[in-house]
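What follows is a set of notes on a single structure, which appears directly below.
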Amino acid sequence: MTFCEREEMFSKDVLTIKDVQQLMCMDYTTASQFILRVKRKVGDRLRVSGKLHVQDYLDYIGVDVDRYSRQPKNNEVVLEKIGNIRRMLADKEGNGDAGK
């Protein structure tokens with residue numbers, strides 16, 4: 001499962017048995033049992049059979065939701081760094097001219 005697929009899955013409020021199957025690489029029965037185990041341990045916000053609130057899942061496995069928030073794409077990061085370098089160079093050139 002790719003980061004984008006996980007991000008899309010965690011953008012929802014509810015995970016289904018099918019979602020848990022994909023997320024955890026489980027068969028239907030095991031995913032269903034996993035959901036029940038989570039509900040028993042951390043609670044059941046939804047009170048709907050076969051569905052699990054995303055926050056209950058994250059609490060159970062101990063992962064922060066920010067881990068699945070949108071990360072800047074590599075190109076955006078590179079462009080930002082290039083912009084920072086250009087500003088630094090412009091500042092140095094500006095300071096060097098001021099002393100002459």
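Just so it is clear, none of the values below were taken in a lab; they were calculated from the coordinates. Note that the structure is predicted; figures quoted are calculated from it, not measured. Counting neighbours? That spans all protein chains shown, and the Cβs are built from the backbone with ideal geometry, glycine included.
Computed values, structure above
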| quantity | calculated |
| --- | --- |
| Count of residues meeting criterion [touching a Ser or Thr at 6+ places or on another chain (Cβ under 8 Å) and either part of a helix (DSSP H, G or I) or among the small types (Gly, Ala, Ser) (or both)] in the range 28-67 | 1 |
| Residues of the range 1-27 that turn out to be of a type outside the set (A, V, I, L, M, F, W, C) and assigned to a helix (DSSP H, G or I), as a count | 8 |
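So that you can scan it fast, the table gives a plain yes or no per residue for (1) under 18 Å from MET1 (Cα atoms); (2) of a type outside the set (Val, Ile, Thr):
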{"site": "ASP19", "(1), (2)": "yes, yes"}
{"site": "LEU23", "(1), (2)": "yes, yes"}
{"site": "SER32", "(1), (2)": "no, yes"}
{"site": "ARG37", "(1), (2)": "no, yes"}
{"site": "ARG40", "(1), (2)": "no, yes"}
{"site": "ASP44", "(1), (2)": "no, yes"}
{"site": "GLY50", "(1), (2)": "no, yes"}
{"site": "ILE61", "(1), (2)": "yes, no"}
